[in-house]
Amino acid sequence: MKHEVIFLGKTKDSFISAGITEYTSRLKHYTQFAIRVIKEKKTGRADLVLEGRQLLEAVPAGWLVVALDSRGKQYTSEQFAEQISGWEQHGRKGVCYLIGGPTGISPEVINRADLCLSLSKMTFTHDMVRMLLVEQVYRAYTIKAGEKYHK
């Protein structure tokens, strides 16, 4: 199964970009994984509807959509690994993780999502969510492989 994280605009902090690059590199040992950065269309203000459409248009046909949202379902790392295993066992082609901008994610994306996922009850910057998500996907695969990274 393929995984792709899609978000708008570049990651601003170099230490977060380095973390994303590190975990993306590690994931290639377990699964096909990619990051897709969509160029933001500047309208002069945050436009959740436009951002949501840009994200949804980037999703390949037939792929699962996971929207990152603070109101979404929370999993332990082990439960998330089980969720990924379930998708794989059901023959899912791929999963796209959609991350909104600083003002959140559009209701259109939430309504289209097969799963709304929250990484924590705490608030993180959208840039940090990018890195945390990639790390959690990596952690899920190490759990599935029975490796000790997740301990």
Selection from 62, 116, 134 lying farthest towards where the dipole of the chain points positive, charges on Cβ
134
Using Cα-Cα distances under 8 Å and only pairs 6 or more residues apart, what relative contact order does the chain have, in percent?
35 percent
quick note, the chain, DSSP beta bridge pairs, % antiparallel (nearest 5) is 5 percent
Roughly how big is segment 85-138's charge dipole about its Cα centre, with Cβ charges of +1 (Lys, Arg) and -1 (Asp, Glu), in debye to the nearest 20?
60 debye
Place a label point 7 angstrom from the Cα of residue 124 along the Cα-to-Cβ direction, then list the residues of segment 5-31 whose backbone nitrogen is under 15 Å away.
5-7, 11-13, 15-24
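Can you tell me the FRET efficiency between residue 48 and residue 88 if r is taken as the Cβ-Cβ distance and R0 is 35 Å, rounded to the nearest 0.05?
The value I calculate is 0.65.
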Cα centre as origin, Lys/Arg/Asp/Glu Cβ charges: the chain dipole, Debye:
160 debye
If you take the beta carbon distance between residue 12 and residue 41 as r and set R0 to 25 Å, what does 1/(1 + (r/R0)^6) give as a FRET efficiency, to the nearest 0.05?
0.85
For the pair residue 145 and residue 22, the simple spin-label estimate (label points 7 Å beyond Cα toward Cβ) gives in nm 1.7 nm
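Given a cut-off of 19 Å, name the pairs among 10/41; 12/39; 12/73; 93/148; 73/148; 73/144 whose C-alpha atoms lie farther apart than that in the structure shown.
Checking Cα-Cα distances, 12/73; 93/148; 73/148; 73/144 exceed 19 Å.
Readers should treat all values here as calculations from the given coordinates under stated rules, not as data from a laboratory. Keep in mind the model is a prediction, meaning the values are calculated, not measured. Methodologically, a virtual Cβ is constructed for each residue, glycine included, from the backbone with ideal geometry; neighbour enumeration extends over all protein chains shown.
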